[in-house]
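Taking it in order: structure first as structure tokens, then the write-up.
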Amino acid sequence: MQTSLTYDEFIDTIRNKPVGYAVRVEKKIAKQVLIENRNVVFNGRVYYLGIREIGLGLCEIWKVELMEQRETKMFPAKK
């Protein structure tokens, strides 16, 4: 499986998705998001991002409510 999203396309995609909806991206894009501590603004609300590595060079990234989390961070892999 190969994702074809660039960094900018990913930011536009995740901005329009509901909270909790995971988008799969390549690990290098997830790493860039994490290093920049990136957040997205949608309808005047700030959302930070949760990142989880799922293997084979892919990661899931989803929006998190500001009340729950105030930074973009990695979560442990699901068991």
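The values are calculated or read from the model by the stated rules, or taken from the named source; none is laboratory data. Keep in mind that this is a model prediction, so the values were computed, not measured. Reconstructed Cβ throughout: ideal geometry from the backbone, glycine too, with neighbour counts over all protein chains shown.
Condition check ((1) at pLDDT 90 or above; (2) in contact with a Lys or Arg (Cβ under 9 Å, 6 or more places away or on another chain)) across all residues:
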| residue | (1), (2) |
| --- | --- |
| 28 | yes, no |
| 44 | no, no |
| 65 | no, yes |
| 68 | no, no |
| 72 | no, yes |
| 79 | no, no |
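In the range 5-36, what count of residues is obtained for those that are charged (D, E, K, R) and within 11 Å of residue 63 (Cβ to Cβ)?
2
To keep it simple, each residue is scored yes or no on (1) of a type in the set (D, E, K, R); (2) under 14 Å from residue 5 (Cβ atoms); (3) out of contact with any strand residue (DSSP E or B) (no Cβ under 9 Å at 6 or more places or on another chain).
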{"site": "18", "(1), (2), (3)": "no, no, no"}
{"site": "29", "(1), (2), (3)": "no, yes, no"}
{"site": "32", "(1), (2), (3)": "no, yes, yes"}
{"site": "40", "(1), (2), (3)": "no, no, no"}
{"site": "45", "(1), (2), (3)": "yes, no, yes"}
{"site": "53", "(1), (2), (3)": "yes, no, no"}
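So if I check each of 35, 51, which one is surrounded by 14 or more Cβ atoms within 10 Å (Cβ to Cβ), out of contact with any His (no Cβ under 8 Å at 6 or more places or on another chain), modelled with pLDDT of 90 or more and of a type in the set (A, V, I, L, M)?
On inspection, the qualifying residue turns out to be 51.
Among the residues of the range 1-25, write down those that are farther than 21 Å from residue 66 by Cα and more than 11 Å from the chain's Cα centre (by Cα).
1, 2, 3, 4, 5, 6, 8, 9
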